[in-house]
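J.: After the structure tokens below, expect a handful of questions from me.
The values are calculated or read from the model by the stated rules, or taken from the named source; none is laboratory data. None of the values given here were measured: they were computed from a predicted structure. Cβ atoms come from the backbone with ideal geometry, glycine included; neighbour counts cover every protein chain shown.
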């Protein structure tokens, strides 16, 4: 007999004219992982942030442990045993890992007006070891950690609260395989202990593997709740988008093609983990760069765009121009879509319009003047091109879903009309319908002779799209493969691990 833990009744939520949730019912039971899936803007994060006390519903009711539940804020929800792991960064900069784990609980370490820092570190060490993140130093400033390790710190903080319900909102997309395994172990322990996990993901394979039940949302409406035996790729896709969606998103040709002319090259680059990296990208070529999160592949993207200067070696264009800064890169018609949306790709406290127009302002105006009408038309065109779900182009980016933030990040640079594109995890947090659109966009850019570097932690994505694939392991390129029907994920993994 399933024991009800949380019941959401007829929840409604609107943002201006946009109805984010319409009469949504949802029940979470003990000892289960309950999945939530849907396209970007379907309402997944809205309903879970209401459950977690981050925002209020306009109407409806929640029953938790048999009692009326209406948390004033996230701290009250945490105190009642409901914790939320957000898709984007949820740690605080400038303070230690230990301070992040116990944020809001500092009084537990104060005696006679003095902070017992030693005890803070001791308990943080226990919290990190408990989830298997022993490699993270509890004394380290959180701003020095990788994006993945910051997510692990958030998991340690959540588990320190011993939650009854843990909401995991696309967190796994920020984690490598080892990080995901830690996350899954935490989820399994919660199930064993009679707790509940509400798990949001766009990855149908992942949802099928880890969830016991699955609720599908579309345009703010609850469409269906499926039991494990009802899970199938085709059924889930159709419920998500309201139409049949082909499983094959990728390009159909199996032949590597590109122009002879080299667009950009990296020569003998050494920096941090990276050791003597040599690679080139031709016009009309998609080069896939794959590996584990901490392999160094993301650093290669930053060095190509001039965001990081190598200790040894250089990056130069086909005409010999040295890329010595991101300013030079932009001037030379290069574009960079960063993996970390909130910190590197977007200004979240600015509008969609301002973000999309930022790289092209000098082109939109005459001398120092830019027409407001021109800005609006330009932003609207590219927001629509990427099918961004929004109130309007003046909406602040911080209020968009993770996938719609990604669409703005891509729109910003595609509209720029670059000759060289660096896409770092371009489909992270994007639903299946838009993934197909992104891949079509990549092929359109390729057909126009653009040079594309696609960095991805998803090997099937690289196999499906790249003309040439390079694998990075421990800062070195360990394998290079041309597009071929015989190229498999297992073959690439040999060079990754």
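J.: Could you pull out the residue among 482, 444 that is in the same structural domain as residue 275 (by TED's automatic domain parsing), more than 19 Å from residue 337 (Cα to Cα) and surrounded by fewer than 16 Cβ atoms within 10 Å (Cβ to Cβ)?
T.: Unique residue meeting the criteria: 482.
Residues are listed down the side, and each one gets a yes or a no for (1) surrounded by fewer than 20 Cβ atoms within 10 Å (Cβ to Cβ); (2) touching a residue at least 12 places away in the same chain (Cβ under 8 Å):
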residue: 76; (1), (2): yes, yes
residue: 80; (1), (2): yes, yes
residue: 115; (1), (2): yes, no
residue: 150; (1), (2): no, yes
residue: 154; (1), (2): no, yes
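J.: Is it the case that some residue within region 449-461 is out of contact with any strand residue (DSSP E or B) (no Cβ under 8 Å at 6 or more places or on another chain) and modelled with pLDDT of 95 or more?
T.: So far as region 449-461 goes, yes, one or more of its residues are out of contact with any strand residue (DSSP E or B) (no Cβ under 8 Å at 6 or more places or on another chain) and modelled with pLDDT of 95 or more.
J.: For region 290-299, check the following and say yes or no: at least one residue is over 24 Å from residue 460 (Cα atoms) and in a loop (DSSP other than H, G, I, E, B).
T.: No, that holds for no residue.
J.: Here's another thing I want to ask about it. Just the residues that are over 15 Å from the mean Cα position of the chain (by Cα) and farther than 20 Å from residue 95 by Cβ, please, taken from region 150-175.
T.: Selection gives 162, 163, 164, 165, 166, 167.
J.: Given the structure, is residue 263 in contact (Cβ under 8 Å) with a residue 12 or more places away in the chain and assigned to a loop (DSSP other than H, G, I, E, B)?
T.: no
J.: Within the bounds of region 231-252, is there any residue that is in contact with a strand residue (DSSP E or B) (Cβ under 8 Å, 6 or more places away or on another chain), more than 22 Å from residue 496 (Cα to Cα), assigned to a loop (DSSP other than H, G, I, E, B) and at pLDDT 95 or above?
T.: Taking every residue of region 231-252 in turn, none turns out to be in contact with a strand residue (DSSP E or B) (Cβ under 8 Å, 6 or more places away or on another chain), more than 22 Å from residue 496 (Cα to Cα), assigned to a loop (DSSP other than H, G, I, E, B) and at pLDDT 95 or above.
J.: Out of the residues in region 1-34 that are modelled with pLDDT of 95 or more and closer than 25 Å to residue 428 by Cα, which is surrounded by the fewest Cβ atoms within 10 Å (Cβ to Cβ)?
T.: 34
J.: With respect to residue 315, determine if the residue is in contact with a helix residue (DSSP H, G or I) (Cβ under 8 Å, 6 or more places away or on another chain), at pLDDT below 95 and either in the same structural domain as residue 424 (by TED's automatic domain parsing) or surrounded by fewer than 19 Cβ atoms within 10 Å (Cβ to Cβ) (or both).
T.: no
The rows are residues; the columns are (1) part of a loop (DSSP other than H, G, I, E, B); (2) out of contact with any helix residue (DSSP H, G or I) (no Cβ under 9 Å at 6 or more places or on another chain).
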residue: 53; (1), (2): yes, no
residue: 62; (1), (2): no, no
residue: 76; (1), (2): no, yes
residue: 84; (1), (2): no, no
residue: 87; (1), (2): yes, no
residue: 91; (1), (2): yes, no
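J.: While we're looking at this one, here's another question. Can you go through 381, 387 and tell me which one is in the same structural domain as residue 298 (by TED's automatic domain parsing) and either assigned to a loop (DSSP other than H, G, I, E, B) or surrounded by 15 or more Cβ atoms within 10 Å (Cβ to Cβ) (or both)?
T.: The conditions single out 387.
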